[in-house]
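What follows is a set of notes on a single structure, which appears directly below.
The values are calculated or read from the model by the stated rules, or taken from the named source; none is laboratory data. In this text the structure is predicted, and so the values were computed from the model without any measurement. Here the Cβ positions follow ideal geometry from the backbone for every residue, glycine too, while neighbour counts run over all protein chains shown. Ligands, DNA and RNA are excluded from the accessible area calculation, which covers all protein heavy atoms including side chains. Shrake-Rupley method; radii C 1.70, N 1.55, O 1.52, S 1.80 Å.
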Amino acid sequence: MQDGKKTLLEKYQIPLSHLDFGYIETCQNARELEKIVQILRSGEEGHFPDLTRCAEEKLKELNPNSKLFRFEENIRHSDKALDAQELKPIYDWTESIKTKDNAMAELKEDVCSSTAGLLPMRKPAKIDTEKKEPVKNVTPQQEKPKTTEQRIKSTDYSKWDKYDADVELLRMDLEEERNKEQVERKHRSQEEKAHIKICKDGVDDLRNNLIKKLSPLEREEYAERFRMCGNECFRSRDYDCAIAEYGRAIAYDPPHAARAYNNRAISHMKLKNYVAAIEDCEACLKLEPDNIKARLRLADANYAQGRRRESYDLYQKVLQIEPDNKNALKAIEQLHNQFGELAPAHATRLTIEEHSSPSEKEHVKVNSAPAEPAPKQKQKPESTPKAAPTKDYDLADLVKPNRVVKSKLVSAAEALGKLKGPSAQQPSRELPKEAAMPIIHLPTSAQSKDNNKLLIQEI
Amino acid sequence: MDKPQLLEHLHESVNYTVYDTKWIPLSAKFVVLGSKPNSHGIMDIYELNEDKLEKIKTVEKKAAFKCGSFGAASLRNRHLAIGDFEGRLQVLDLEHPELAVYNVKAHNTIINTIDAIGGTQLECGAPEIVTGSRDGAVRVWDIRQGQAPVVDISPAPQMGDGVNTDTRRDCWAVAFGNTFNNEERIVAAGYDNGDLKLFDLRALAVRWETTLKNGICGLEFDRRDIPMNKMAVTTLEGGLLVYDMRTQHAIKGFSYVEERNAGRSVGTNGVISGPKATVWTVRHVPQNRDIFITGGGTGSIRLWQYEYPDKRVIDDTDGGKMGVAGTLEMLSAATLSTQPVHCYDWHPDKLGLAVCGAFDQGVRVIIATKLNLF
């Protein structure tokens, strides 16, 4: 400080009074707080551990990403920082990689055969670093002839009167821009064309040749690499790239491609390519029929594609494998809400899952005392007509939470039920008939009964 | 704490100057390239065995080794391409290192830097090796092509002639990129005067060039085998720049985010102090392109994460498209030596495992934890 160096306090022009608990608490300026923290940390004004901590906490509140929270430590040794359990995967990995390493070493071959199947060599060439790009030369040449055409003779006063310099300038600018754009566009389209050509040019042949040359171990290894690349692309939301990588992984090792198919499916879905996603999911399920993710994705894709009924069945299949899969349950709930509007007939089947929780009490009541129509009528009178035989009770229960309840047909049935009592079963039974799937209908109702039982047990 | 930690797993002291360390793909082994005090080249192969390192092989050659790469080697052959102090490029079979598979006098003087591609990246063009040298030339090699480079990127001949040979720039860093199909390929080169050049090997032209404030020590595309996405550049005076390579503006080029103090030491108390230190190297995690490590002159390594902006491309006022750079976040930092950490290599097959070399004649196996969470 004596040798003319400013203290941080002077440099940042912060009054000494700001180094104070009261001020720091109220300070809302992250920049200023950063400066205060720096001054406090530097120790130029003395050491105040509590004040420093207070300022740091406040800064963390205002700007959690501040560069002042970057710390550097001396590196710690893995023995101290990780316990044996955390190190074990690394040791296991070294063992497994060694076996692979040895297997690969046996595949070694001499150089001539290893380079045989490769792509042709580049033609020897030179790039001159000092060369100017040709594009720049083109634009001025094109401009020159145009300006000469529009030249006005110096004696032609009438024309000069009409001449507006601003407009001309603007026109010149526009032309220049247009030229530039044209050149760029030409450039780009040429590039694009080239890309497409290359992509299509016998990639498959090359690939097949390559694959033929590889041993199963190598294929697996390369496929794994491609899959990892794909995952990595997916993570950075580069879905096109991910799809290409997964495609390669599949091509290189079809028997073990379940995961690649599965991942490609989700990438397709991200790009709203649902048909492709469905295909991939199905391919994955062929290899691994119980893959829950693939099943779920298949259902999601079907749903997104607009095939809602199919997706409903598929969600049910997910639940068969994993009964408490949250995504499937949620989707079914959603679906069933929509089906309330779309297809009342189908809705009878859909209600099962959603309905179980709100109607728990009713289930208990009905199951314990099936011949008790009176309290139910109070809640929702519509369900009474079907409540008498147990099978029909399920149906009624299923229909109830839907909006169907409010439809005229049902209310008419309800009215009938009030009038005739048991005979009113007939109109309400039309609902399942409309669905035209009595066979499926029965098992689902049975399933719902099971659910009820479960619920009762839980209670 | 869900931030990754950098830990030293193993440490091996050697009696020579380490210049490069590289994992052998699909194995638990790595090679260490260096220079003995008598300026002979030395290559050691170590194997990872639970909690110790085992030296498997030592190879000594006449010229000191500077840099190496497995990039052009297939999984079954795994040949190492080495550049040495006398400008020779050799490709060695690690089982029979006495006789080089390929040997060429690539440059007049030391080969500073090497990169290779096409070995394990199938369907991405032919295997090629690129070297950058003090003589200012960048040359691309194909081992099937005898003694001449397939692409020669040299400064104009008159520059090196005459009295003043200093006009030739020293090439410090090269990297392949943009190799997403069989034709497309780009070489990026960084020079001691801060020149950064992109050479398009398909069009055989300079794609783009710019000049940074100081010399370029490290250069890497985040991934070699995709349409170029990002490129990280490190400089002599502690700069770290990450370019967004997806969008090239006709005039402004590529946009970038810069971190000025990437090389300076951040003390344990968070106060940036000390002189500006070189950032020697930058290496992206092979399993995650948005995380990379830098090795600095203060003997520290730092793990960075790049975050993309909401929109990567905007329309410029003159109608062109312009890229938008994201932000950099430092995830972790650790000091492991008093000397610069100048080479670092992630294991291509195991997330978080790495080996690095420092000028304190030490080789360290590093574990980065919790990278799978990103």
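Tabulated data for the structure shown
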read-out	value
Within a Gaussian network of chain B (alpha carbon springs, distance under 10 Å), most fluctuating of B:Arg364, B:Arg202, B:Arg78	B:Arg202
Listed pairs A:Lys88/A:Lys326; A:Lys98/A:Lys212; A:Lys60/A:Lys80; A:Lys67/B:Lys213; B:Lys3/B:Lys230; B:Lys105/B:Lys197 exceeding 31 Å between Cα atoms	A:Lys88/A:Lys326
Environment charge at B:Ile110 (Cβ cut-off 11 Å; Lys +1, Arg +1, Asp -1, Glu -1)	-1
Spin-label proximity, A:Glu25 to the stretch A:55-77 - amide N less than 16 Å from point 7 Å beyond Cα toward beta carbon	A:55-59
Relative contact order (%) - criterion: Cα under 8 Å, at least six apart; region: the stretch A:214-339	15 percent
Simple label model, 7 Å out from Cα along Cβ direction - B:Asn103 to A:Leu217, nm	3.0 nm
Label-point separation in nm, A:Ile152 to A:Glu106, each point 7 Å along Cα→Cβ	9.0 nm
Length released on extending from A:His77 to A:Leu62, taking residue separation times 0.36 nm less the Cα-Cα span	2.0 nm
B:Leu351 accessible area, assembled protein chains, probe 1.4 Å, Å²	70 Å²
Sites A:Glu168 and B:Lys252 - FRET efficiency at Förster radius 35 Å, r taken between beta-carbons, to 0.05	0.80
Candidates per GluC sites (Glu not before Pro) in the stretch B:1-61, loop by DSSP, up to 14 other Cβ within 10 Å	B:Glu50
Restricting the stretch B:88-146 to GluC sites (Glu not before Pro) in coil, as DSSP defines it, with at most 11 other Cβ within 10 Å	B:Glu95, B:Glu98
Among B:Asp318, B:Asp244, B:Asp20: highest mean-square fluctuation, GNM of chain B, C-alpha pairs under 10 Å	B:Asp318
Hull shadow area, averaged, chain B [alpha-carbon convex hull, nm²]	19.6 nm²
For chain B: relative contact order, % (alpha-carbon pairs under 8 angstrom, 6 or more apart)	14 percent
Shielding by other protein chains, B:316-323, mean Cβ within 10 Å	2
Delta accessible area of at least 50 Å² on complex formation, residues of the stretch A:86-105, 1.4 Å probe, chain isolated as reference	A:Ile90, A:Tyr91, A:Trp93, A:Ile97, A:Lys98, A:Asp101, A:Met104
Per-residue mean of C-beta atoms belonging to partner chains within 10 Å, peptide B:201-212	3
At R0 = 35 Å, FRET efficiency that the Cβ-Cβ distance of A:Ser17 and B:Asp310 yields, to 0.05	0.30
Estimated distance in nm for a label pair at A:Gln320 and A:Arg185, the labels positioned 7 Å out from Cα along Cα-to-Cβ	5.6 nm
Burial ranking of peptide ranges B:172-181, A:85-94, B:29-38, A:237-246 (average Cβ count within 10 Å, highest at the top)	B:172-181, A:237-246, B:29-38, A:85-94
A/B buried area, accessible surface, summed, 1.4 Å probe, Å²	7800 Å²
Inter-centroid distance (Cα atoms) of the stretch B:226-258 relative to the stretch B:82-122, Å	28 Å
Candidates B:Thr235, B:Thr298, B:Thr211, ranked by Gaussian network fluctuation over chain B, Cα under 10 Å, top entry	B:Thr211
Above-threshold pairs, the threshold being 32 Å between Cα atoms, out of A:Lys162/B:Lys321; A:Lys126/B:Lys252; A:Lys100/A:Lys317	A:Lys162/B:Lys321; A:Lys100/A:Lys317
